[in-house]
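**Student:** To start, I am sharing the structure in question, which I have written as structure tokens.
The values are calculated or read from the model by the stated rules, or taken from the named source; none is laboratory data. Bear in mind that the values here come from a model prediction, so they are computed numbers and not experimental data. Note that we place each Cβ from the backbone using ideal geometry, even for glycine, and neighbour counts take in every protein chain shown.
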């Protein structure tokens, strides 16, 4: 069974149609004003489109148009929206905040609280049950908000940049949490962060000017972007692999040392991220200050502003035209990509 939505909001020049599989997370990327939040508002029932239709597993959420006026109120849709801010009820404890969804569906207080305790434990916030929102840090409050959304057992979970308001220490933890709890669920996540898309989504949709301009499996879109916006995002080097005590070991056996926010757990999956601008190109292996040096074969050269982007399979480096000429860079040449560990960020999955 699937979730489908097609909607037009003429005043916002918004016209979008998309579908989700029964256990699929889709990341929606795009510049400010692209229509990402409009999409979530339409699905959640906060914005009424001029025309369109949405249904989940055969149940119609809205159907608007000539002769059609079906409209389900937000609380009856089976959707849950997790925003940038937790938006917890300030007068309720974390436990009662999470129990609110089940209670609103008519479940007894005792059963609702049992459900709330379960989801607080699932998001590693069980010890926060009796605290009120004013006593929680930003990361703690957002974890409680995740539990509240999941306790409502939504058929479609909507996430509007849930990491945007968190600090650099809380965001990776929430990203790992979402990766775990989104497994097997239908979800749409709006984000500006390519790491959110890479680590959480099965599929990526790029929106520009109220339209979908590109979509496909996450890795395909990020590796071979067709839209200008996706191309800008895809500039980041992302190397998936297995966490080691100092960084990441790629599937091809390359070792990447880097910076990380918390202790690494060897053996878990993760990703090393670094910009092409941080990569130097040498004809021989480099030695010296702490750095990552690995052999690659140049596959393509392309203009990138006033630089030359040197591609080596899925990796890229930016060099000046003069440096490219001095090195004699051409497709097929064997070179070394070198990047200092300080420029590499390690993100456990």
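**Student:** Evaluate region 128-150: report whether one residue or more is under 14 Å from the mean Cα position of the chain (by Cα) and either modelled with pLDDT of 85 or more or outside the structural domain of residue 12 (by TED's automatic domain parsing) (or both).
**Tutor:** Within region 128-150 (the criterion being under 14 Å from the mean Cα position of the chain (by Cα) and either modelled with pLDDT of 85 or more or outside the structural domain of residue 12 (by TED's automatic domain parsing) (or both)), the answer is no, since none of the residues qualifies.
**Student:** Any residue that is closer than 14 Å to residue 156 by Cβ and not in a strand (DSSP E or B) - is there at least one of those in region 185-199?
**Tutor:** yes
**Student:** When the residues of region 265-274 are filtered to those that are closer than 15 Å to residue 292 by Cα and at pLDDT 85 or above, which remaining residue is surrounded by the fewest Cβ atoms within 10 Å (Cβ to Cβ)?
**Tutor:** Filtering first and then ranking leaves 274.
**Student:** Can you say whether residue 7 is in contact with a helix residue (DSSP H, G or I) (Cβ under 6 Å, 6 or more places away or on another chain) and assigned to a strand (DSSP E or B), as far as the supplied structure shows?
**Tutor:** When the stated conditions are applied, residue 7 passes them.
**Student:** For region 23-35, enumerate the residues that are under 17 Å from residue 200 (Cβ atoms) and surrounded by fewer than 22 Cβ atoms within 10 Å (Cβ to Cβ).
**Tutor:** 23, 24, listed by residue number.
**Student:** Got a number for residues in region 45-76 being touching a residue at least 40 places away in the same chain (Cβ under 8 Å) and part of a loop (DSSP other than H, G, I, E, B)?
**Tutor:** So the answer is 4.
**Student:** Let me ask you something else. Does residue 262 meet the test of being modelled with pLDDT of 85 or more and either surrounded by 15 or more Cβ atoms within 10 Å (Cβ to Cβ) or not assigned by TED's automatic domain parsing to the domain that holds residue 56 (or both)?
**Tutor:** no
**Student:** Let me ask something else about it. Output the number of the condition that residue 346 fails; it satisfies all remaining conditions of (1) at pLDDT below 95; (2) more than 19 Å from residue 222 (Cα to Cα).
**Tutor:** All conditions are met except number (2).
**Student:** Any idea how many residues of region 156-174 are within 13 Å of the chain's Cα centre (by Cα), within 20 Å of residue 40 (Cα to Cα) and buried (at least 17 other Cβ atoms within 10 Å of the Cβ)?
**Tutor:** Number satisfying all stated conditions: 6.
**Student:** Being buried (at least 19 other Cβ atoms within 10 Å of the Cβ), within 22 Å of residue 278 (Cβ to Cβ) and at pLDDT 85 or above is the requirement here; does residue 212 meet it?
**Tutor:** Here the answer is no, as residue 212 does not meet what is asked.
**Student:** Please specify each residue of region 161-174 satisfying the condition of being assigned to a helix (DSSP H, G or I) and either under 14 Å from residue 141 (Cα atoms) or modelled with pLDDT of 85 or more (or both).
**Tutor:** Residues satisfying the conditions are 170, 171, 173, 174.
**Student:** Which is more than 26 Å from residue 196 (Cβ to Cβ), in contact with a helix residue (DSSP H, G or I) (Cβ under 7 Å, 6 or more places away or on another chain) and at pLDDT 95 or above, of 116, 94?
**Tutor:** 116
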